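Following: one structure in structure tokens, then a few remarks.
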Amino acid sequence: MGGLIPHNRPLITAADRAAVDAVLASGWIAEGPAVQALEASVVRQYGDGGACAVSSGTAALFLALKAVGVVPGTTVAVPTYSCSALLNAVFMAGAVPRVVDVLPDTFCIDPDALTANARDARFVIAVHTFGAVADVPALLADGRIVIEDCCQSLGGMLGGHPMGAAGEAAVYSFYATKIITGGQGGLVWSRTASERVRDYREFDGRESYEPRFNLQLTDLQAALANSQLQRIDVIRARRAAIAAAYLAALPNGLTTQRDPCAPGRMAHRFVVVTPQRQMRDRLRAHMSNAGVSCVIPVEHFELLHRYLCLDPEDYPVAEQLSDTTLSLPIHLCLSDADVATISDALAQFLP
């Protein structure tokens, strides 16, 4: 535990409250200056491009699809080991989802499976699952257009640059369980498409009409998210330190998602991988008996191919991951004592 970064700050800090109080005192709580400030903060992090904040991560994904050229009937490839928001956004855009299996080490979409089973998909949503790095360069082959889903990797760095910069657009979520939060919220960053997202978001008072929805973010939400974004390096360091403590305690016979402590990684989850389901269930019971609540990251019923009633045998890796993975707590509300308790419980498990 010697490498753990001391932490005794709540998830919502005094600075966060002050940022929200400033909006309340300003008399402007709908979309306005605080939304613009959040967008400017994201652009500064990337160093170029444009950003448009919206009401949720799902809204961001939907608008990114429309902005990069997805039209009704378009085929969009998505990883099956993910959340239903991907399907929702694709269907909202009138497109057709093509579900693809994932890699066993990163849990991200498998480029070879994409080529083999979704060759006709010109558009791909690449989820950086739990902060791991999806192989975007391989996905860009054959002229594909890639949207990087960075909802679980905000603040992650790759080669000295923010993750999300390789594709046509990157989307973020500010939901309560994500890296930073406004309670709800989302954002699209792109070098080329952010203004098309903004055009759709600004639904009212337009000189010409086309159907648009109110997907705006409030200044209250934006102020909270932006306050947390200013300490993203501290958040990344704390999560990395917790992951390192768990990795050091990991018993022989258990593994993890690939490179949980890689430099620059934003550890959204710390996922333990067991050889078989029975051991996963024993580990979960062992941790529960020690007072540690762990979750299965993606249940079988949540796999996207199961939602679409596709044959599970065509998605063996995702099926195996649902059987053998367990996520340990890694949120910012954990004290050093909490991390020690969890690490000790993990170390005492006998595979």
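Odds and ends about this structure:
- Label separation (Thr341 vs Arg122): 5.5 nm, computed from points 7 Å beyond Cα along the C-beta direction.
- Förster-model FRET efficiency, 25 Å R0, Asp105 and Asp323, C-beta, rounded to 0.05: 0.95
- Debye log10 I(q)/I(0) for the stretch 217-351, one point scatterer per Cα, at q = 0.09, 0.17, 0.22 Å⁻¹: -0.33, -0.96, -1.25
- Whether the stretch 162-203 is rounded, prolate or oblate, judged on the alpha carbon gyration tensor where a/c under 1.5 counts as rounded: oblate
- Between Leu308 and Cys333, the distance separating the two model label sites (each 7 Å from Cα on the Cα→Cβ line) works out to 3.6 nm.
- Rolling a 1.4 Å probe across the protein heavy atoms gives the stretch 1-120 an accessible surface of 43 Å² per residue.
- The gain in end-to-end length when the Leu247 to Asp259 segment is fully stretched comes to 3.3 nm, 0.36 nm per residue minus the alpha carbon separation.
- Rounded to the nearest 20 debye, dipole of the stretch 1-123 from Cβ charges on Lys, Arg, Asp, Glu: 140 debye
- Dipole magnitude of the chain, debye to nearest 20 (Cβ charges: Lys/Arg +1, Asp/Glu -1, about Cα centre): 540 debye
- DSSP-defined beta bridges in the chain - what % are antiparallel, rounded to 5: 55 percent
- The stretch 170-201 and the stretch 281-345 have Cα centres separated by 27 Å.
- Net charge contributed by nearby residues that have their C-beta within less than 14 Å of Ala118 (K/R +1, D/E -1): -2
- Our estimate of slack between Thr74 and Thr115, defined as 0.36 nm per intervening residue step minus the Cα-Cα distance, is 13.1 nm.
- Only helices enter the 222 nm calculation for the chain: every DSSP H run of n ≥ 4 contributes -39,500 (n - 2.57), and dividing by all residues gives -11000 deg cm²/dmol, rounded to 500.
- Extension gain, Ser208 to Leu11, is 66.6 nm, computed as 0.36 nm per intervening residue step minus the present C-alpha separation.
- Surface per residue (accessible, 1.4 Å probe) for the stretch 203-348, Å²: 48 Å²
- Local electrostatic count at Ala290 - Lys and Arg +1, Asp and Glu -1, tallied over other residues with Cβ under 12 Å: -1
- Looking at the stretch 121-233, the DSSP beta bridges with both ends there are about 40 percent antiparallel.
- The distance from the alpha carbon centre of the stretch 216-273 to that of the stretch 110-133 is 23 Å, rounded to a whole number.
- Taking the charge dipole of the chain about its Cα centre, with +1 at Lys and Arg Cβ atoms and -1 at Asp and Glu Cβ atoms, the residue from Ala337, Thr325, Gly69 reaching farthest to the positive side is Ala337.
- Summarising the label geometry, the points placed 7 Å from Cα in the beta-carbon direction at Asp233 and Ala18 lie 1.9 nm from one another.
- Of the accessible area of the stretch 81-236, computed with a 1.4 Å probe over protein heavy atoms only, carbon and sulfur atoms account for 53 percent.
- Counting charges near Glu168 (Lys, Arg +1; Asp, Glu -1) among other residues having Cβ under 13 Å from its Cβ returns a value of +3.
The values are calculated or read from the model by the stated rules, or taken from the named source; none is laboratory data. What you see is a predicted model, and the numbers here were worked out from it, not measured in a lab. Backbone-built Cβ (ideal geometry, glycine too); neighbour counts: all protein chains shown. All accessible areas refer to the heavy atoms of the entire protein, side chains included, with ligands and DNA or RNA removed. Shrake-Rupley method; radii C 1.70, N 1.55, O 1.52, S 1.80 Å.
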